[in-house]
1. Out of all the residues in the range 28-39, which are of a type in the set (D, E, K, R) and more than 15 Å from the chain's Cα centre (by Cα)?
2. So how many residues does the range 48-78 have that are closer than 17 Å to Q22 by Cβ and in a strand (DSSP E or B)?
3. I want to confirm something. Restricting to the range 43-75 and keeping residues that are in contact with a helix residue (DSSP H, G or I) (Cβ under 7 Å, 6 or more places away or on another chain) and touching a residue at least 24 places away in the same chain (Cβ under 8 Å), which single residue is nearest to L25 (Cα to Cα)?
4. State whether one or more residues within the range 5-27 are assigned to a strand (DSSP E or B), surrounded by 12 or more Cβ atoms within 10 Å (Cβ to Cβ), at pLDDT 55 or above and under 14 Å from the mean Cα position of the chain (by Cα).
5. For the range 28-47, give me each residue that is among the small types (G, A, S) and either modelled with pLDDT of 95 or more or assigned to a loop (DSSP other than H, G, I, E, B) (or both).
6. I need the full set of residues from the range 28-56 which are hydroxyl-bearing (S, T, Y) and surrounded by 12 or more Cβ atoms within 10 Å (Cβ to Cβ), in order please.
Amino acid sequence: MGMVNSGGSEGSKGPDVGPSSQATLVIRVWKEPESPEPFRARIIAESAEGDEPTVTYARGREEVAAAVNRWLCNLPDA
């Protein structure tokens, strides 16, 4: 996997930005072969406000894409 450098100064913990401008989204994907819809995903989203992370489950790529879109739309403007 490659590394992308977006410029700016980066410390050991990532880009040098304030805590209010950071958010995290983790997606874990697996297949359940016995199911008629085998694609599964667990999506863990943490907001920039520091709220408790939310966990969502998806059964298809479209649901994952919709969850990512919702998360991106809820980020504060930079």
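The values are calculated or read from the model by the stated rules, or taken from the named source; none is laboratory data. Computed from a prediction, not measured in an experiment: that's the story for all the values here. For neighbour counting, all protein chains shown are included, and Cβ atoms are generated from backbone atoms with ideal geometry for every residue, glycine included.
1. Step one: list which residues in the range 28-39 are of a type in the set (D, E, K, R), which gives 28, 31-32, 34, 37.
Matches in the range 28-39: K31, E32, E34, E37.
2. Number of matching residues: 1.
3. Initial filter on the range 43-75 (in contact with a helix residue (DSSP H, G or I) (Cβ under 7 Å, 6 or more places away or on another chain)): 43, 45, 48, 56, 58.
Next, only the ones that are touching a residue at least 24 places away in the same chain (Cβ under 8 Å) stay: 43, 45, 48.
On the way: I43: 7, A45: 5, A48: 11 Å.
Filtering first and then ranking leaves A45.
4. Residues of the range 5-27 that are assigned to a strand (DSSP E or B), as a first pass: 10-11, 14-15, 24-27.
Remaining after also requiring surrounded by 12 or more Cβ atoms within 10 Å (Cβ to Cβ): 10, 15, 25, 27.
Imposing the further condition that a residue be at pLDDT 55 or above reduces the set to 15, 25, 27.
Checking the rest, the ones that are also under 14 Å from the mean Cα position of the chain (by Cα) come to 25, 27.
Checked the range 5-27: at least one residue is assigned to a strand (DSSP E or B), surrounded by 12 or more Cβ atoms within 10 Å (Cβ to Cβ), at pLDDT 55 or above and under 14 Å from the mean Cα position of the chain (by Cα).
5. Restricting attention to the range 28-47, the residues satisfying the condition of being among the small types (G, A, S) are 35, 41, 45, 47.
Within the range 28-47, S35, A41, S47 meet the criteria.
6. The initial filter retains those residues of the range 28-56 that are hydroxyl-bearing (S, T, Y), namely 35, 47, 54, 56.
Across the range 28-56, the qualifying residues are S47, T54, T56.
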